[in-house]
1. Tell me, what is the FRET efficiency for Gln16 and Ser240 to the nearest 0.05, using R0 = 45 angstrom and their Cβ-Cβ distance as r?
2. What's the exposure ranking of Met210, Met84, going from fewest to most Cβ atoms within 10 Å?
3. Please list the non-local residues whose amide H lies under 5 Å from the amide H of Asp93, H modeled 1.01 Å from N, same-chain partners needing a gap of 5 or more.
4. Would you calculate the separation in nanometres between label points at Asn220 and Glu132, each defined as 7 Å from the Cα along the Cα-to-beta-carbon direction?
5. When Glu186, Glu29 are ordered from fewest to most other Cβ atoms inside 10 Å of their Cβ, what list results?
6. Rank-order 189-196, 76-83, 217-224 by packing density, defined as the average count of other C-beta atoms within 10 Å over each peptide's residues, highest first.
7. Would you order Leu94, Leu213 from fewest to most other beta-carbon atoms within 10 Å of each residue's own beta-carbon?
8. Is any residue of the range 189-223 close enough, with backbone N under 20 Å, to a label point placed 7 angstrom from the Cα of Ala229 along the Cα-Cβ axis, and if so, which?
Amino acid sequence: MSDGHDNGHEKVPSRQRRRFPGISSRAYEHPADRSALVALRKLSGFDTVFKALSGLLPERSLRLLFLSDSVRVSDRQFAHLNVMLRDACYILDLEKVPAMYVKQDPAPNAMCIGLDEPIIVVTTGLVELLDEEEMRAVVGHEVGHALSGHAVYRTILLFLTSLAVRVAWIPLGNVAIMAIVTALREWFRKSELSADRAGLLVGQDLQASMRGLMKIAGGNHLHEMNVDAFLEQADEYEASGDLRDSVLKILNVLPRSHPFTTVRAAELKKWAASREYQRTMDGHYARRDEDKDASVRDSFRESASHYATHVRNSKDPLMKLVNDIAGGAGDLGDRMRRGFGGFAGSQPRPPKDGGGPAEGPEGPEGTEGPGGPEGGTGSDGEGPRPPRDGA
């Protein structure tokens, strides 16, 4: 329980919470995030390479910028945030408490940057939007990023995105780099789900975590919102539409660094109901001193199993189709026509001259495909602009 002053952490919260001594970030990481991190940590010279890489980026400049133009959290400034920060580090057993800054910005946002010495930045918009327990989950989220070393993703993404701009004139050069960036963004989205779990371990209040995500999506109108209805949106988002909508979902999420808010809420609730979460709360979790023995093969196997289970259980039309193909489902053409819509029903051909038997059904003639009048996306070719890195 977080009721002592060990490790220099003082000013405990208003209620007792379970502490996780020696916890490894593997205990709360999403399988896809965990497999990537385990593989990166196994690379020889990994730390040296990325410390050198970080020197190419404006991390030092950002640190000075926040120091000079933001408010540093301490016992004398935003003291309630300082209590939350120190307690989050105490609960997750993070020995070195990161520096934390409050930046004037009406948009609710938070981030954790830095490889050697992570710093946490929250905006005034976020501080004003969330209540104490909701904010505690966000602070735990950012401390989870620090414990996992997720700044690695951010560092590589910044570097490769910058590099992609510089080599855009080289044939296929930009395409190759952006393919890597797309994969990194997928990892980064999964790292946000991991950090949401860390926030729940720190706050230990699922309803507060849900409320925080809901407010980030809909603002400070809690009396007008309902958590159950909000979660129903995630289910509707996954299951609704046809194959065209499935493709649009993929295109919408590709440029984003964060999953959609309703999806994050649904994923967090699912994890909170899992045996893994209960075992962690009972004190049975991966330990930091065991990280060196973590198996890359086992981690990737677990990640592959997670994606396979997701495809198998998904209500999304495209995922159902993929599952049917994998299962050897027949009549695939009819399934795709029904999925994309805009097709007229198949009609039998008229009998041949001489009154012979009619031939079997044949595809419709003169019908519009998905690209026809009813199949257009209404898009101008550009997806929505990705939001800034946020809580």
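1. About 0.60, to the nearest 0.05.
2. Met210, Met84
3. Residues meeting the criterion, in which the H sits 1.01 Å from N, are Phe20.
4. Those two pseudo-labels are separated by 1.7 nm.
5. Glu186, Glu29
6. Put in order of decreasing packing, that is 189-196, 76-83, 217-224.
7. The most exposed by this proxy come first: Leu94, Leu213.
8. 207-223
Every read-out reported here was derived from the displayed coordinates using simple, explicitly stated rules and does not represent laboratory data. All figures in this text were calculated on a predicted structure; none of them were measured in a lab. In this analysis, Cβ positions are derived from the backbone assuming ideal geometry, glycine residues included, and neighbour counts consider all displayed protein chains.
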